[in-house]
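Visitor: Sharing a structure with you now.
The values are calculated or read from the model by the stated rules, or taken from the named source; none is laboratory data. This is a predicted model, so every value here is computed, not measured. Heads up, the Cβs are rebuilt from the backbone with ideal geometry, glycines too, and the neighbour counts pull from every protein chain shown.
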Amino acid sequence: MIELYNTGAYLIDGKEIIADTPENTDILKAQQISKDAARKETIAYGILKAHNTSDNMEKLQIRFDKLTSHDITYVGIIQTARASGLERFPMPYVLTNCHNSLCAVGGTINEDDHMFGLTCARKYGGIYVPPHQAVIHQFAREMLAEGGAMILGSDSHTRYGALGTMAMGEGGPELVKQLLEQTYDINMPGVIGIYLEGEPIKGVGPQDVALAIIGAVFKNGYVNNKVMEFVGPGLKNLSADFRIGIDVMTTETTCLSSIWQTDETIREFYEIHNRPDAYKQLEPGKAAYYDGMIRIDLGSIRPMIAMPFHPSNTYTIEELNENLEDILHDCERKALVSLDGQVDFTLADKIRDGRLYVEQGIIAGCAGGGFENLMAAADILKGRSIGADEFTLSVYPASTPIFMELVRNGAAADLMACGAIVKTAFCGPCFGAGDTPSNNSLSIRHSTRNFPNREGSKLQNGQIASVALMDARSIAATAANKGFLTPATDLDVEYSGKKYHFDSTIYQNRVFDSKGIADPAVEIKFGPNIKDWPKMSALPENMILKVVSEIHDPVTTTDELIPSGETSSYRSNPLGLAEFTLSRKDPAYVGRAKEVQKAQKAIEAGKPADDALPEIRSVLETIRKEFPQFSDDDLGVGSTIFAVKPGDGSAREQAASCQKVLGGWANIANEYATKRYRSNLINWGMLPFLIQEGKLPFTVGDYLFLPGVRKAIKDKASDFDVYVIHDGKAIPFHLQMSDLTDDEREIILKGCLINYNRK
């Protein structure tokens with residue numbers, strides 16, 4: 001049972017929930033409970049207050065304690081900071097190498113990025129984790145997390161709330177701000193209580209609970225851009241690994257961050273990892289107010305599956321098996337939207353003798369590669385075989401210390417003996433760069449996402465496979481049945497419950513830790529693919545935008561804006577990567593955007609825009625006729641896209657920066673899926689416009705004129721006069737923009753964060 005309250009709620013003594021309804025007013029008065037005071041009694045409020053540098057708790061200016069990035073983000077971040085005068089890392093900054101680890105892909109350029117990272121860690125005083133040692137979030141759990149601390153990471157799954165650390169995943173520019181000793185500026189977020197009670201039944205794992213939550217809250221936006229705070233008596237029935245497995249998946253709810261009440265179980269986690277001083281007891285006050293409440297009976301959760309192509313497309317495995325044809329048909333129908341009819345996609349052919357057959361299983365990364373998940377899988381598969389048919393099983397421990405323990409206690413041998421392949425710590429299967437299945441295959445994965453292309457499909461080449469998300473236990477049960485979908489609750493398994501012993505020897509031997517000491521004499525190693533950001537112009541007074549793409553999917557992921565997987569090798573090369581922008585949604589986008597960009601480049605070179613882009617000549621003539629006061633002296637020309645709700649998923653700034661380096665000046669949307677994508681647009685000097693739902697006043701190929709847009713930004717306008725230039729006429733309509741901070745306005749006016757900070 002998962003119950004979503006329709007109102008806010010008070011949590012009294014950590015046990016009693018009182019809904020914020022008129023009928024409960026007298027009860028609250030009798031206990032002398034004030035809403036304003038109770039808001040300050042959440043765990044989240046206390047941590048945010050401790051890290052807020054402003055004197056206003058409604059307008060937060062946060063300084064984080066630590067930063068972390070991986071090897072498809074840290075090069076761009078450091079290059080941006082270097083362009084702004086970076087001299088040293090002012091806080092611990094960990095550079096992990098768990099995404100671009102397949103160094104045969106792209107020739108030498110992935111390993112060049114790693115050498116860049118190592119030399120930067122030496123020069124600026126950071127920490128460098130070599131490839132295959134740990135995925136970014138597992139290293140952070142083992143070595144960085146602290147009770148009451150805040151960590152900012154350039155990966156959307158930066159979530160360490162189960163350990164008492166409020167962590168957030170954002171685009172690279174937000175880390176740049178921290179490196180330059182600036183702040184993370186947000187309005188005080190709402191806090192949603194997640195009240196856990198009961199105990200999971202045997203065979204149910206953390207991914208099952210996580211998927212049940214995601215299925216309940218994603219579509220209705222219940223926790224969007226809010227902090228999820230986990231409390232309640234059910235906590236005591238969850239191990240640290242179990243809590244971590246739920247916590248990392250909160251990203252897929254579109255929440256801002258997460259935090260959990262801590263207890264002796266978390267104290268023990270820190271003791272196991274030789275960091276007992278990192279523990280801090282965290283719990284809500286006697287009467288804490290939450291802006292919403294989700295009540296979860298853990299005992300009611302059953303093995304879950306998230307069908308293609310979103311983690312919120314959830315069913316119990318039992319429900320799927322009982323209604324197989326209907327549900328598969330519904331998934332195929334939904335896929336028509338995501339895949340735009342580019343390929344033939346079917347799931348019905350997976351039905352064999354009335355059962356669902358899958359071709360691949362993977363347990364990996366920050367969600368699946370934890371010790372307890374892999375031990376449970378090994379217990380299920382011990383003495384069994386995955387068979388010699390199509391079905392394959394790959395297992396990726398999340399860190400070398402976990403791998404070493406599995407070797408020492410025999411679990412790795414049990415997994416290998418059944419036919420599974422045990423591999424090193426790598427995030428590839430989670431974003432389409434490892435264990436790519438065959439065409440038309442269905443893969444079941446204990447990883448974080450199952451968006452289109454996350455398994456390596458290339459729709460433009462006619463290649464399609466799909467992923468369903470499941471818990472490691474049910475993946476192992478399916479493997480034990482040689483690929484036929486099976487919930488772990490169907491098997492009678494005696495789980496060994498072996499204890500974890502953390503050994504940090506490999507980190508001591510291989511991880512470079514500067515201890516915060518910078519060495520300016522170190523020369524940074526640059527490979528031929530590591531390029532500086534191109535020069536970007538300040539926002540002009542008047543702007544002409546050409547609409548070069550429309551996306552009408554209900555939600556557009558960052559993977560669809562800039563593909564993951566095979567493009568990773570180009571993430572240190574802004575112009576090289578930009579060639580892939582929207583390649584899986586609108587292959588014509590790049591050509592259209594670059595054509596429009598010719599006009600802006602001509603303006604920057606002091607030449608007429610219409611000489612470089614003749615089609616704009618008639619547009620300029622119409623503008624001069626309709627707006628006699630218009631002057632070409634401060635004009636910009638660029639491109640824009642429309643998407644209904646862009647930015648779900650990854651924190652990768654490249655979803656925005658690739659548009660900018662191709663001449664993009666704006667996005668137009670009905671709403672933005674995440675705060676982090678909107679922030680990425682702003683930090684790259686792009687205007688995050690909103691337009692009301694309904695028929696658009698423009699279409700692809702139309703030119704839009706925005707007179708006085710620079711002045712409007714300066715004047716803190718929220719409503720913008722815009723004109724569609726069509727058949728010699730200027731047809732008016734309006735765009736909106738939600739609040740910008742003073743710094744955000746200045747970043748947009750300067751053209752991007754690099755210009756804002758450039759010394």
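Visitor: Considering only the stretch 379-432, how many residues are without any contact (Cβ under 8 Å) to a residue 60 or more places away in the chain, closer than 23 Å to CYS98 by Cβ and of a type in the set (A, V, I, L, M)?
Guide: Residues that pass the stated criteria total 9.
Visitor: Out of the stretch 30-81, which residues are at pLDDT below 95, of a type in the set (A, V, I, L, M, F, W, C) and either more than 23 Å from the chain's Cα centre (by Cα) or surrounded by fewer than 19 Cβ atoms within 10 Å (Cβ to Cβ) (or both)?
Guide: ALA30, ILE33, ALA37, ALA38
Visitor: Okay, next question. Wholly within the stretch 207-309, which strands (runs of 3 or more DSSP E) include no fewer than the required count, namely at least 2 residues that are of a type in the set (S, T, N, Q)?
Guide: Of the strands (runs of 3 or more DSSP E) lying wholly inside the stretch 207-309, those with at least 2 residues that are of a type in the set (S, T, N, Q) span 257-260.
Visitor: Can GLU359 be described as among the acidic types (Asp, Glu), in contact with a helix residue (DSSP H, G or I) (Cβ under 7 Å, 6 or more places away or on another chain) and in contact (Cβ under 8 Å) with a residue 12 or more places away in the chain?
Guide: So GLU359 fails the test.
Visitor: Which ones in the stretch 95-129 are under 17 Å from THR73 (Cβ atoms), assigned to a loop (DSSP other than H, G, I, E, B) and at pLDDT 95 or above?
Guide: THR96, GLY126, VAL129
Rundown of residues vs (1) in the same structural domain as PRO131 (by TED's automatic domain parsing); (2) of a type in the set (Ser, Thr, Tyr); (3) touching a strand residue (DSSP E or B) at 6+ places or on another chain (Cβ under 9 Å), yes/no style:
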| position | (1), (2), (3) |
| --- | --- |
| ILE77 | yes, no, yes |
| THR80 | yes, yes, no |
| GLY85 | yes, no, no |
| MET91 | yes, no, yes |
| ASN97 | yes, no, yes |
| ASP112 | yes, no, no |
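Visitor: Kindly evaluate ASN450 against the criterion of being under 26 Å from the mean Cα position of the chain (by Cα), assigned to a loop (DSSP other than H, G, I, E, B) and in contact (Cβ under 8 Å) with a residue 12 or more places away in the chain.
Guide: Judged against the criteria, ASN450 is a match.
Visitor: Looking only at the stretch 3-16, which residues are surrounded by fewer than 17 Cβ atoms within 10 Å (Cβ to Cβ) and in contact with a Phe, Trp or Tyr (Cβ under 7 Å, 6 or more places away or on another chain)?
Guide: Listed by number, the list holds a single entry, LEU4.
Visitor: Go through (1) farther than 21 Å from ILE246 by Cβ; (2) in contact (Cβ under 8 Å) with a residue 12 or more places away in the chain for ARG473 and report which single condition fails.
Guide: Status for ARG473: all satisfied but (1).
Visitor: What single numbered condition from (1) farther than 30 Å from THR21 by Cα; (2) outside the structural domain of GLU199 (by TED's automatic domain parsing) fails to hold for SER312?
Guide: With (1) farther than 30 Å from THR21 by Cα; (2) outside the structural domain of GLU199 (by TED's automatic domain parsing) applied to SER312, the lone miss is (1).
Yes/no matrix, rows are residues, columns are (1) in the same structural domain as ALA605 (by TED's automatic domain parsing); (2) farther than 30 Å from TYR723 by Cβ; (3) surrounded by fewer than 21 Cβ atoms within 10 Å (Cβ to Cβ); (4) in contact with a strand residue (DSSP E or B) (Cβ under 6 Å, 6 or more places away or on another chain):
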{"site": "ASP513", "(1), (2), (3), (4)": "no, yes, yes, yes"}
{"site": "PRO520", "(1), (2), (3), (4)": "no, yes, yes, no"}
{"site": "ILE524", "(1), (2), (3), (4)": "no, yes, yes, no"}
{"site": "SER568", "(1), (2), (3), (4)": "yes, yes, no, no"}
{"site": "GLY576", "(1), (2), (3), (4)": "yes, yes, yes, no"}
{"site": "TYR589", "(1), (2), (3), (4)": "yes, no, no, yes"}
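Visitor: Does the stretch 263-275 contain at least one residue that is at pLDDT 95 or above and in contact with a Pro (Cβ under 8 Å, 6 or more places away or on another chain)?
Guide: So the first thing to find is which residues in the stretch 263-275 are at pLDDT 95 or above, and the list is 263-275.
Cutting the leftovers down to in contact with a Pro (Cβ under 8 Å, 6 or more places away or on another chain) gives us 267, 270.
Yes, because at least one residue in the stretch 263-275 is at pLDDT 95 or above and in contact with a Pro (Cβ under 8 Å, 6 or more places away or on another chain).
Visitor: Sort out which residues of the stretch 711-742 are surrounded by 17 or more Cβ atoms within 10 Å (Cβ to Cβ) and either assigned to a helix (DSSP H, G or I) or in the same structural domain as PRO173 (by TED's automatic domain parsing) (or both), and write them in order of number.
Guide: Once the filter is applied, which keeps residues that are surrounded by 17 or more Cβ atoms within 10 Å (Cβ to Cβ) and either assigned to a helix (DSSP H, G or I) or in the same structural domain as PRO173 (by TED's automatic domain parsing) (or both), the stretch 711-742 yields ALA712, ILE713.
Visitor: Right, here's the next one. Kindly provide the set of residues from the stretch 336-365 that are farther than 28 Å from VAL395 by Cβ and aliphatic (A, V, I, L, M), ordered by number.
Guide: Across the stretch 336-365, the qualifying residues are LEU336, VAL337, LEU339, VAL343, ALA348.
Visitor: Could you pull out every one of the strands (runs of 3 or more DSSP E) wholly within the stretch 603-709 that has 3 or more residues that are touching a Leu at 6+ places or on another chain (Cβ under 6 Å) and over 22 Å from SER738 (Cβ atoms)?
Guide: No strands (runs of 3 or more DSSP E) qualify here.
Visitor: In addition: Residues in the stretch 191-198: is at least one within 26 Å of ARG39 (Cα to Cα), in a loop (DSSP other than H, G, I, E, B) and touching a residue at least 24 places away in the same chain (Cβ under 8 Å)?
Guide: no
Visitor: Just to be sure I understand, how many residues within the stretch 386-400 are over 30 Å from TYR507 (Cα atoms) and either among the hydrophobic types (A, V, I, L, M, F, W, C) or buried (at least 23 other Cβ atoms within 10 Å of the Cβ) (or both)?
Guide: 3
Visitor: Any residue in the stretch 162-182 that is within 24 Å of SER239 (Cβ to Cβ) sitting within a Cβ distance under 6 Å of a residue that is in a strand (DSSP E or B) and among the hydroxyl-bearing types (Ser, Thr, Tyr)? List the pairs, counting only those 6 or more apart or interchain.
Guide: MET166/SER257; ALA167/TYR160
Visitor: Of all residues being crowded, with 21+ Cβ neighbours inside 10 Å and polar (S, T, N, Q) in the stretch 331-381, which is farthest from ALA240 (Cα to Cα)? Just the residue, please.
Guide: SER338
Visitor: I want to confirm something. Restricting to the stretch 533-559 and keeping residues that are under 25 Å from the mean Cα position of the chain (by Cα) and assigned to a loop (DSSP other than H, G, I, E, B), which single residue is surrounded by the fewest Cβ atoms within 10 Å (Cβ to Cβ)?
Guide: HIS552
Visitor: Considering only residues of the stretch 632-642 that are surrounded by fewer than 24 Cβ atoms within 10 Å (Cβ to Cβ) and hydrophobic (A, V, I, L, M, F, W, C), which is farthest from TYR672 (Cα to Cα)?
Guide: Among those that are surrounded by fewer than 24 Cβ atoms within 10 Å (Cβ to Cβ) and hydrophobic (A, V, I, L, M, F, W, C), it is LEU635.
Visitor: Which residues, taken from the stretch 387-418, are under 21 Å from LEU469 (Cα atoms) and in a loop (DSSP other than H, G, I, E, B)?
Guide: GLU390, PHE391, TYR396, PRO397, ALA398
Visitor: Quick one: GLU142 ticks every box in (1) closer than 25 Å to LEU235 by Cα; (2) surrounded by fewer than 24 Cβ atoms within 10 Å (Cβ to Cβ); (3) assigned by TED's automatic domain parsing to the domain that holds LEU256 bar one, so which box is it?
Guide: With (1) closer than 25 Å to LEU235 by Cα; (2) surrounded by fewer than 24 Cβ atoms within 10 Å (Cβ to Cβ); (3) assigned by TED's automatic domain parsing to the domain that holds LEU256 applied to GLU142, the lone miss is (3).
Visitor: Which one of these does HIS99 not meet: (1) farther than 30 Å from SER399 by Cα; (2) surrounded by 17 or more Cβ atoms within 10 Å (Cβ to Cβ)?
Guide: (1)
Visitor: Is it true that ILE530 is surrounded by 14 or more Cβ atoms within 10 Å (Cβ to Cβ), modelled with pLDDT under 95 and not in a loop (DSSP other than H, G, I, E, B)?
Guide: No.
Visitor: Something else: Just the residues that are buried (at least 19 other Cβ atoms within 10 Å of the Cβ), of a type in the set (S, T, N, Q), modelled with pLDDT under 80 and at negative phi, please, taken from the stretch 410-463.
Guide: Matches in the stretch 410-463: SER457 only.
Visitor: Tally the residues that are farther than 23 Å from THR448 by Cα and either in a loop (DSSP other than H, G, I, E, B) or in the same structural domain as GLN261 (by TED's automatic domain parsing) (or both), restricting the search to the stretch 156-183.
Guide: Residues in the stretch 156-183 being farther than 23 Å from THR448 by Cα and either in a loop (DSSP other than H, G, I, E, B) or in the same structural domain as GLN261 (by TED's automatic domain parsing) (or both): 4 in total.
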